[in-house]
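Participant: For reference, the structure I am asking about is given below.
Rule-based calculations on the coordinates, nothing more; no lab input. Small disclaimer: the values here were computed from a predicted structure and weren't measured. For neighbour counting, all protein chains shown are included, and Cβ atoms are generated from backbone atoms with ideal geometry for every residue, glycine included.
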């Protein structure tokens, strides 16, 4: 694989991983599984025909989602201010409070990558994916780590999983096309 293709894939994955984490996040309710990620009981429609508690349950879910969003943004604010120690402490506390919230493991992995601790970041991304198989940020992070360690097949597998989660994710297509270019170059 040419250095140009390797550099391009690495650059795109780096931007794909860090840019969304470094900008303000607008979290939408569809990206969170209410049972796994908010700690709020399952589907309110399991109540049968009694919808009397539906508004209360939806309100709780919305409040829990807003709390996750506030926590995420407060950690990202600390990162922007280069207060990494405090950000790391806050993420550890958040994970302790909500160990099933996959987005907190994304934050932990980001901080570990900033510390150049790739094995720990891989563990955090893997935990995030275990909690939420549709966590495209964690999948992109795993793709980048696999790419950095020249595990091409593994990196491509993660990029394809990103596309399976979100077929409109441009970063996933760039990765897959980069791997196709690598295969073509290796076959010549």
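Participant: How long are the semi-axes of the ellipsoid equivalent to the range 117-188, from square roots of 5 times the Cα gyration tensor eigenvalues, in whole Å, largest first?
Facilitator: One finds semi-axes of 21, 15, 7 Å for the range 117-188.
Participant: Right, something else. Points 7 angstrom from Cα along the Cβ direction at residue 114 and residue 177: gap in nanometres?
Facilitator: Taking the simple label geometry, residue 114 and residue 177 are separated by 3.2 nm.
Participant: How high is the FRET efficiency between residue 92 and residue 58 when r is their beta carbon distance and R₀ equals 22 Å, given to the nearest 0.05?
Facilitator: 0.10
Participant: Run a plain Debye calculation on the range 64-188 (Cα atoms as equal point scatterers, no solvent) and give log10 I(q)/I(0) at q = 0.19, 0.22 Å⁻¹, rounded to two decimals, same order as the q list.
Facilitator: Once normalised to I(0) and log-transformed, intensities are -1.03, -1.24.
Participant: Could I ask something else about it? I need the Debye-formula profile for the range 78-128: one equal scatterer per C-alpha, no solvent, reported as log10 I(q)/I(0) at q = 0.12 1/Å, two decimals.
Facilitator: Ignoring solvent entirely, the Cα scatterers give -0.22.
Participant: Expected output is a single nm value to one decimal: the length gained when fully extending between residue 186 and residue 170, i.e. 0.36 nm times separation in residues minus the C-alpha distance. What is it?
Facilitator: Residue separation times 0.36 nm, minus the Cα-Cα distance, leaves 3.3 nm.
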